[in-house]
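S.K.: Okay, handing you the structure first.
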Amino acid sequence: MWTLPVRASFGASLAWALFTVSLGMDLSLQESLLLKSLGLSTKPSPKIPIPVPSVLWRIFQKRKTPPVTNRDPADGCRVEEFNVPGNIIRVFADQGHFIHSTQPQPLLCLQKHLYFNLSVLEEGELLTMAQLEIKFSHNSYHSPGQGQGFELRLYRSCQVLLQGMPSLGRGRELLLEQSFARLHQSLLFNLSDVAKEWTARSRNLGLILEIAVSGDGASAALSVGPQKLCAGIDSFLDTSLLVVTLSPQQCGASRRRRSAYNVPVTPSNLCKPRRLYISFSDVGWENWIIAPQGYMANYCLGECPFPLTAELNSTNHAILQTMVHSLDPEGTPQPCCVPVRLSPISILYYDNSDNVVLRHYEDMVVDECGCR
């Protein structure tokens, strides 16, 4: 039976739990610990899995590249694509609804309540960025006439909005407004301050989105109605909130990293890395872990005999311990073969609310072993 050192890191503990689950050891207990480490209460069962946002695929594919030798450990605690600290990226789908007023406003194309459930964020996570994306279809309407444009307004909701309930001016606070001449594929807005307030106060009543006709189109809308000018906008509207957070306890690794893809396979009883591939399908997780399907985790195994050599990456304490063991084998054990260099991986998965999450984990792959 192999054991982890008492001061094992978070990532090493997660990797070891995966190892024991793959071997069928204490399956229910280990699975519970694994899910908890992923921030999950139970094993997710996506009802209708949503497509993986392209931005998460790009970041995941970039992180699949083998680690660079002597890479700074702090790299895993920063999202370079957004230049913010973080090791967890979630994309929240909008759970709001369209607002249908009993008194239609002639210039208003659509009015929608946006709601993003951020309650899945774990205690201790630091929110570092929140970006709202509003997507449109390029074919959602014909080219606007000369002088015609649109005006987008985003409000913070200050009162609970019920299904079908009209938006009242006194129940909202204007956050931003932007004019544009035609619908782009997507519009991006930084809502970091708003999202931080939601998580700090635990009071998230959502947002109100309005898109109205502006410019010369306003006069046309009054005479012919907004139906032609606004046709298709609400049918092709999609919104999501990308949130980056930092889990500090996962950023304490101080070891330098090297490539974990060339673990030697040589017949020897000495302490060294041994190849171990962990398949997520073997533990029954293939329906909610999107990628990777598995990874080369490796493990340490072998003896630490006297005299210890430099190749065994021994500490001074281990060298002295083997000397004492050689004199008193019954009273003093040999040093243990344990990981001394590890590499990170990233996991793309669905959480319990069917959100897509990209999470970076330190110390998941054994690169090098030593006697300790």
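S.K.: Answer yes or no as to whether S179 is over 27 Å from L56 (Cα atoms) and either modelled with pLDDT of 90 or more or out of contact with any Leu (no Cβ under 9 Å at 6 or more places or on another chain) (or both).
M.R.: Here the answer is no, as S179 does not meet what is asked.
S.K.: Quick one: in segment 92-118, which of the residues that are part of a loop (DSSP other than H, G, I, E, B) and modelled with pLDDT of 90 or more is surrounded by the fewest Cβ atoms within 10 Å (Cβ to Cβ)?
M.R.: Only one residue tops the list, namely Q95.
S.K.: Please work out if S326 is assigned to a helix (DSSP H, G or I), open to solvent by 50 Å² or more (accessible area, probe 1.4 Å), on the phi < 0 side of the Ramachandran plot and among the small types (G, A, S).
M.R.: In short, yes.
S.K.: Being in a helix (DSSP H, G or I) and open to solvent by less than 70 Å² (accessible area, probe 1.4 Å) is the filter; apply it to segment 284-318 and report the residue that is farthest from M364 (Cα to Cα).
M.R.: Only one residue tops the list, namely A318.
S.K.: Give, as residue ranges, the helices (runs of 4 or more DSSP H) completely inside segment 8-91 that count at least 2 residues that are of a type outside the set (V, I, T) and at pLDDT below 80.
M.R.: It comes to 10-22, 27-37.
S.K.: Something else: Return only the number of the condition from (1) closer than 28 Å to I88 by Cβ; (2) open to solvent by less than 10 Å² (accessible area, probe 1.4 Å) that D354 does not satisfy.
M.R.: Exception for D354: condition (2).
The values are calculated or read from the model by the stated rules, or taken from the named source; none is laboratory data. Note that the structure is a prediction, hence the values are computed from the model and not measured. Heads up, the Cβs are rebuilt from the backbone with ideal geometry, glycines too, and the neighbour counts pull from every protein chain shown. Note: accessible area is taken over every heavy atom of the protein model, side chains too, but ligands, DNA and RNA are not part of it. Shrake-Rupley method; radii C 1.70, N 1.55, O 1.52, S 1.80 Å.
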